[in-house]
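The values are calculated or read from the model by the stated rules, or taken from the named source; none is laboratory data. Note that the structure is a prediction, hence the values are computed from the model and not measured. All Cβ positions, even for glycine, are placed from backbone atoms using ideal geometry, and neighbour counts span all protein chains on display. All accessible areas refer to the heavy atoms of the entire protein, side chains included, with ligands and DNA or RNA removed. Shrake-Rupley method; radii C 1.70, N 1.55, O 1.52, S 1.80 Å.
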Amino acid sequence: RLPSRGVKAACAAIKPPRARQLAILPQPALLSKTVLKREVELQRLVQRAEEAVQRTYEAVSTPPHFGSMRKPRDVLSAYAERAASLRPADLVAAFYAVGDHARLPPTVRTSTLHADERLLALKAQLCDCMAKLTSRELTNVLQAAAFMYPRVKHDDAQLVRLVCTHILRKVAQLSERDLAVCIYALGRLEWREDSVLLEALFARTAVEAERLLSIDLANVTSGVAGLQVVPTHLLRRVSDVSFRKMDDFDARGLSTLLSSLSSAGWHDARLLHRAAQRLPLLLTDMNPRALSETAAAYSASRTWLAPTLASLSSHSAMRAAYFSGAQAAAMLGSLAQSRWDEHVASLALINRLEQQAPWLNLSELAVTLRALSRLRLGEDTTIVRTLLRAVQHMRFPPATLSMDNAHEAHSLVLLAMLCCALRHLEAAPPHQLRSYILELQLPCESLVMERSQRRVRAQLADAQRSWGGRRHTSLES
């Protein structure tokens, strides 16, 4: 049956628009090879431009990785280029990297790096944003300052004082690691100015002592020794925890723990006996410094353990060639004080000291000669004569010394020790030493003097009488 006229009319009305739609469908462009090649090149240029923009954005928005830089001046150069765009956390990272790479030994007080304008600018910028730092960042700033400025000077006190002020406000937020690092850094800086902060740190560390790692326990004791304070409760807690965690200590940590406790005057016999059981497993990993520190801790505590002393002396004999003059003198002095006269070890250490004789200072020479006066090797006058060559190159302190000044009082103790050792060895003093002792003006004896001070004065006065036959006028203290 054929469709009706209405249906045909409707189909006729639909066909023209459908035909127009089909007519405007996209058709493939007919392009030449040259045009296509040019289009590919343009796409490559656009991709390179986008990659360059991304690299530039990342370079501007991402701070430099200061920790991967090996030299302090490289860190300061990278900081100077981006100083205006760095966040407070980036400033802390830069300052910590400089301190970590520019560590100074405690005996050195200054470096040419301290006068670098970029470092001064970094310190000033850190001081401005100190209130924005977290507790961990404040701890890192304090630790970096301790690395760079041992025994803080007046010029650097502003930064340390500001950091301590903000740490005091956030003591409750410090982790166990941060507590140990703060005490260690303050001890390295010898910063005893803020007693409130020290009491807060000691109290919190004593509470958290059970959660401290072995390295944290060693850092706490090292800081206490540097501060020259004796927080009894803290040291008792640290000793107890160290006794239980003795198996976690490595060679460096154990030597630091024992020597620091000994320097603080804290001698725990139970801890020393437990450490003696751990020592045989660690002696092969101990360097000369660790060996001398461990021997000094046992001699100072008057803990006489023959197996421990034998092990320490034998290992020091094997590594005597690697000892510095100070380490060899400390090791020999510790063995002599413990009355451990093992010929092989004593001879190896003496040979090393003879090699270092022209560079020995007053402290090292006094300790060495005192040790010789207690050992059989002291009977060899050739050894004593060789060691006394150090006097020719030695710089003596001023001839006017006071017991009131800690540094000068220590110099008087060393001089008295040296004079007594020479008398015990029946050795003639070198001309330089004799002239200096005769010119030395002793402090006047008074009732306020302690017993040890009176003994030092009497020893020096006796040396003046025996060496010069006359006594110089004493100064009023």
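The table for this structure:
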| read-out | value |
| --- | --- |
| Lysine-lysine proximity count for the chain, Cα under 24 Å, sequence distance 8 or more or distinct chains | 6 |
| On Cα atoms only, tilt of 5-23 relative to the major axis of the chain in degrees | 40 degrees |
| Segment 295-372 and segment 67-106: distance between their alpha carbon centers, rounded to Å | 40 Å |
| 10 Å Cβ shell holding at most 10 others, DSSP loop, GluC sites (Glu not before Pro): longest site-free stretch of the chain | 1-449 |
| Overall form of segment 286-395 per C-alpha gyration tensor (a/c, 1.5; a/b vs b/c) | prolate |
| Net length gained if the chain between Arg455 and Val229 were fully extended (0.36 nm per residue, minus Cα distance) | 78.8 nm |
| Potential lengthening between Asp462 and Ala131 on full extension [0.36 nm per residue; Cα-Cα distance subtracted] | 113.2 nm |
| Gained length - Ala115 relative to Ala406, 0.36 nm times residue gap less alpha-carbon distance | 101.8 nm |
| Calculated [θ] (222 nm, deg cm²/dmol) that DSSP helices of n ≥ 4 give over the chain, each run adding -39,500 (n - 2.57) | -20500 deg cm²/dmol |
| Estimated D of the chain in µm² per second, where Rh is the Kirkwood radius over Cα pairs and Stokes-Einstein applies at 25 °C, 0.890 mPa s | 89 µm²/s |
| Inter-label distance for Ala124 and Ala52, nm, one decimal - labels placed 7 Å from Cα along Cα-to-Cβ | 3.7 nm |
| Modelled FRET efficiency - R0 22 Å, Arg169 with Glu190, Cβ distances, 0.05 increments | 0.45 |
| For segment 286-395, accessible area per residue (1.4 Å probe, heavy atoms of protein chains only), Å² | 44 Å² |
| Average Cα contact separation per residue, the chain, under 8 Å, 6 or more apart, as relative contact order % | 7 percent |
| Segment 358-444, accessible surface, carbon-and-sulfur percent (1.4 angstrom probe) | 49 percent |
| Accessible surface, segment 396-469, averaged per residue in Å² (probe 1.4 Å) | 53 Å² |
